[in-house]
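What follows is a set of notes on a single structure, which appears directly below.
The values are calculated or read from the model by the stated rules, or taken from the named source; none is laboratory data. Predicted model, so just to flag it, every value in this text is computed and none were measured. Here the Cβ is made from the backbone with ideal geometry for all residues, glycine too, and neighbour counts use every protein chain on show. Note: areas computed on protein heavy atoms with side chains; ligands, DNA, RNA excluded. Shrake-Rupley method; radii C 1.70, N 1.55, O 1.52, S 1.80 Å.
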Amino acid sequence: MRVSVRASSLRPSPTLWLYRLVGVLKSRGLDYYSLHVGQPGFTPPRDLMVRFLEVVSSRVSDLSLYSYTSPWGLLELREAIALDLAQHGRVRADPLGEVVVTSGGIEGLLSTLASILDPGDPVGFIVPAYFHFYSIARLLGLRVVELPVYPELELKADPLVDLFSRVKAVVIANPDNPTGRVLDEGVARLIADLACDRGVYVVHDIAYYTLRYEAGMAWPENYCRDYIVTVGTYSKDPGVPGWRVGFIVAPADVAEAVAHVREATSYNTPVPSQILILEYLRGGYRAGFLPRVLEEYSRRRSALIEALEEELPKAYYYKPKAGIFVYVNLEGYTRMASDKLVERLALEDRVLAVPGTLFGPGGESWLRLSFAVEGPERLREAVRIIARRVRGVV
Ligand SMILES: Cc1ncc(COP(=O)(O)O)c(C=O)c1O
């Protein structure tokens, strides 16, 4: 074998073939419905980009624009991140020793898990779980312990207590992908107590922390600091996934380990990307941008949900409180496996969706539908097409 067992254990994400298909459809000028997309459907605020270009052009002869930064990231950016988390989650962090800028959320998760776990260590996932959790676990040789929450998709106390007794770390997306679930205060408190009492790390992935429609979300960090690592990204808000900026906030020893891992891998996040996010956070751009985006996402979420109610009344779905997805079970209509259904929808109906099987065992009759990109009317049309398809298959 020419590549390592580790590398060959990484299966290419099934979304890759969807993206290839998109390329083909585009090149043929064919229309398709993008309900597979995991990235925002809006460009970042225009005035932010204008400001960013001004800053960069004022520094073209400044060597620091082209230099390495510390693997921890620019200190000013770390200060802005710490302030943002204090405002959003009442999470207090020392920008000097507890905040590290990362190249997006995935890299933050990888560097964190590489810093707190060794090969063979057990790591807990709540299933369905964001698919990159699995790839990172494979890459690091971790042993995944799964806590399935199908079919209701709610977190319950006893299974959580059991999970924490079996692992060294638990990774929790809050808000969650694919479900859009957020932690309530009681569950966050329980998770925090389990972490601190048992010395089990919680990797708290807050990728969608500002994209919330209903309730606020609870932060386990408010009850336990020593064993919680917060992992965030700017891929969703302001929506620059290709610019690769995220962060981790962790107790000092873990943050230092993360910085060392980064030094050995990507070293630092590209300077222009760090500058953009620094301007976003400290320039107050979010205040004018996010409410507009949330209003539009909220309209899309309602349209998608109403269409599911009308067209597929026997479908079970989790009403997302946050994020950009609706996770839906079509067992009441078809026994076709979600991979197969996704393939048929894509190739025959040009409706693109993500199969539940991507999020771990148990997702066979589930689809993840994104409302990030298509407007309300197109979302309704897409659901009508899905309904026609699942009613017509056995
Ligand atoms: C739950 C969750 N965590 C992390 C990420 C990764 O974000 P990034 O693009 O910044 O690596 C995503 C992106 O989809 C996500 O949904």
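Need the failing condition index for GLU309 against (1) under 20 Å from TYR208 (Cα atoms); (2) without any contact (Cβ under 8 Å) to a residue 12 or more places away in the chain, just the number.
Going through (1) under 20 Å from TYR208 (Cα atoms); (2) without any contact (Cβ under 8 Å) to a residue 12 or more places away in the chain one by one, GLU309 breaks only (1).
Please name all residue pairs, on different chains or six or more residues apart, with Cβ atoms under 7 Å, provided the first residue is in the stretch 182-194 and is open to solvent by 60 Å² or more (accessible area, probe 1.4 Å) and the second residue is part of a helix (DSSP H, G or I) and β-branched (Val, Ile, Thr).
none
Please work out which residue is surrounded by the most Cβ atoms within 10 Å (Cβ to Cβ), limiting yourself to the stretch 125-165 and to residues that are of a type in the set (Phe, Trp, Tyr) and closer than 20 Å to GLY105 by Cα.
PHE133
Against the conditions (1) part of a loop (DSSP other than H, G, I, E, B); (2) away from the ligand (no atom under 16 Å from the Cβ); (3) more than 28 Å from LEU290 (Cα to Cα), where does SER266 fall short? Just the number, please.
(2)
Taking VAL170 and the conditions (1) touching a His at 6+ places or on another chain (Cβ under 9 Å); (2) assigned to a strand (DSSP E or B); (3) over 21 Å from ASP94 (Cα atoms), which numbered condition does it fall short on, given that it satisfies the others?
(1)
Pick from ARG2, ARG59, ARG78: which is under 23 Å from the mean Cα position of the chain (by Cα) and farther than 20 Å from PRO241 by Cβ? Even if it seems obvious, please write down each step before you answer.
Numbers: ARG2 fails: under 23 Å from the mean Cα position of the chain (by Cα); ARG59 fails: under 23 Å from the mean Cα position of the chain (by Cα).
Going through ARG2, ARG59, ARG78 in turn, the sole match is ARG78.
Please work out which one of (1) open to solvent by less than 30 Å² (accessible area, probe 1.4 Å); (2) outside the structural domain of ARG368 (by TED's automatic domain parsing) is the condition MET49 fails and give its number.
Going through the list (1) open to solvent by less than 30 Å² (accessible area, probe 1.4 Å); (2) outside the structural domain of ARG368 (by TED's automatic domain parsing), MET49 breaks only (1).
Would you pick out the residues in the stretch 229-246 that are assigned to a strand (DSSP E or B), near the ligand (Cβ under 10 Å from one of its atoms) and β-branched (Val, Ile, Thr)? Break it down into steps so the answer makes sense when it comes.
Within the stretch 229-246, the subset assigned to a strand (DSSP E or B) is 229-233, 246.
With near the ligand (Cβ under 10 Å from one of its atoms) added as a condition, the list becomes 231-233, 246.
Across the stretch 229-246, the qualifying residues are VAL231, THR233.
Is there a residue being part of a loop (DSSP other than H, G, I, E, B) and open to solvent by less than 10 Å² (accessible area, probe 1.4 Å) anywhere in the stretch 256-263?
First pass over the stretch 256-263, keeping only residues part of a loop (DSSP other than H, G, I, E, B): none.
For the stretch 256-263, residues part of a loop (DSSP other than H, G, I, E, B) and open to solvent by less than 10 Å² (accessible area, probe 1.4 Å): absent.
Restricting attention to the stretch 313-323, does a residue exist that is open to solvent by less than 10 Å² (accessible area, probe 1.4 Å), farther than 30 Å from ARG59 by Cα and within 12 Å of the ligand (Cβ to nearest atom)?
yes
Out of everything in the stretch 202-228 that is away from the ligand (no atom under 13 Å from the Cβ) and not in a loop (DSSP other than H, G, I, E, B), what residue ends up being surrounded by the fewest Cβ atoms within 10 Å (Cβ to Cβ)?
The qualifying residue surrounded by the fewest Cβ atoms within 10 Å (Cβ to Cβ) is ASN222.
Of all residues in the stretch 282-301, how many are open to solvent by 50 Å² or more (accessible area, probe 1.4 Å) and either under 16 Å from ALA382 (Cα atoms) or in contact (Cβ under 8 Å) with a residue 24 or more places away in the chain (or both)?
Summing the residues that are open to solvent by 50 Å² or more (accessible area, probe 1.4 Å) and either under 16 Å from ALA382 (Cα atoms) or in contact (Cβ under 8 Å) with a residue 24 or more places away in the chain (or both) in the stretch 282-301 gives 2.
Among the residues of the stretch 14-33, which ones are open to solvent by 50 Å² or more (accessible area, probe 1.4 Å) and in contact (Cβ under 8 Å) with a residue 24 or more places away in the chain?
LEU30, ASP31 - these are the residues of the stretch 14-33 that are open to solvent by 50 Å² or more (accessible area, probe 1.4 Å) and in contact (Cβ under 8 Å) with a residue 24 or more places away in the chain.
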